[in-house]
1. What is the extension gain from LYS203 to VAL78, computed as 0.36 nm multiplied by their sequence separation minus the C-alpha to C-alpha distance, in nm to one decimal?
2. Among rounded, prolate and oblate, which fits the range 47-114 when a ≥ b ≥ c are the square roots of the eigenvalues of its C-alpha gyration tensor, a/c under 1.5 means rounded, and a/b larger than b/c means prolate?
3. Dipole magnitude of the range 127-185 about its Cα centre, charges +1 at Lys/Arg Cβ and -1 at Asp/Glu Cβ only, in debye to the nearest 20?
4. Given N residues in the range 69-158, what is its alpha carbon radius of gyration divided by 2.2 N^0.38 Å?
5. Report, in debye and to the nearest 20, how large the dipole of the range 29-81 comes out about its Cα centre when Lys and Arg carry +1 and Asp and Glu carry -1 on their Cβ.
6. How do SER221, SER185, SER174 line up, fewest other C-beta atoms within 10 Å first?
7. Straight-line reach from LYS147: which aspartates and glutamates have a Cα under 14 Å away, not including same-chain ones fewer than 8 places off?
8. Which one of GLN170, SER120, ALA46 is farthest out on the positive end of the charge dipole of the range 45-182, using unit charges on Cβ (Lys, Arg +1; Asp, Glu -1) and the Cα centre as origin?
Amino acid sequence: MRAITLTILMSAGALLAADTAADLSQAKIDEIIQKFAAKESEFSKARDNYTYRQTARIQELDPGGTQMGRWEMVSDIVFNGEGKRTEHVVNAPVPSLSHIILTPEDMQDLKDVQPFVLTSEELPKYLIRYLGKEAVDEIDCYVFAVKPKKLEQGHRYFQGEVWVDDQDLQIVKSYGRGVGVIKHSEDNQFPKFETYREQIDGKYWFPTYTIANDTLHFKDSDQRIRQTVRYEDYKQFKAETKITFGDEVDTGKQNSSKDGKAAPPSGPAPAQTPAKKQ
């Protein structure tokens, strides 16, 4: 986001328990990284065959937490008549933000960085350091620090920590911010966020909730923001095919069911906002 006249400091949860990186050899760590990146590649391809609804909100807050302005977009990720994946905007009220401006980098982070996926193809772009083990909602996880090796113009990257299920070898939680090349003349700031995943159809871990609650520090002002993104109603897409010769075959429809595994803490969900620079 860019300030109109913003760095976000999000309240970080507990980062790491007492485990240290000394409990695994470097060879074993490298093996785990390669395996979970391969699993993430599988997941990324699988998610491309699902439809879902995405609800994103960003709120400008005063120092006491009262909303002053808001941006919201509800969209369905669906397939058109030609079977191509597309985004259909369901609801997009007129924004009332007055202290921040959403930039193209903000929208790219919303689409690609906040639901972070570290595939085998993306792995060479990042430096990864093993931090230890920690439980997330009673799920034993390996924790890794992740940052880009270099920043290239026009690309956005994730920088932070990821929690990887030590059995399924998939990311179940990520905490960090989007980073990239920004012109020195632009006062752009990006919030830290947490993204949680849940197990869908008993196999892959899909992003279901992102939260950012931070203060963006611009050159001339500070602005508190709150962002939430919800990813709901995942359904596997499968076209129906009919053969016009011989026996008629109906492939049927495939439904998906949710298996909640690692989800945000219970209780009222924090205010929702996809926040970014001005």
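1. 42.9 nm
2. prolate
3. So the dipole magnitude of the range 127-185 works out to roughly 720 debye.
4. In units of the globular-protein estimate, the range 69-158 measures up at 1.46.
5. Dipole of the range 29-81, to the nearest 20 debye: 180 debye.
6. SER185, SER221, SER174
7. List returned: GLU122, GLU161.
8. Result: SER120, furthest along the dipole toward the positive end.
Only the coordinates and a few stated rules stand behind these numbers; no lab work does. Given the structure is predicted, the values throughout are model-derived calculations rather than measurements. Positions of Cβ are backbone-derived with ideal geometry, glycine not excepted, and every protein chain shown enters the neighbour counts.
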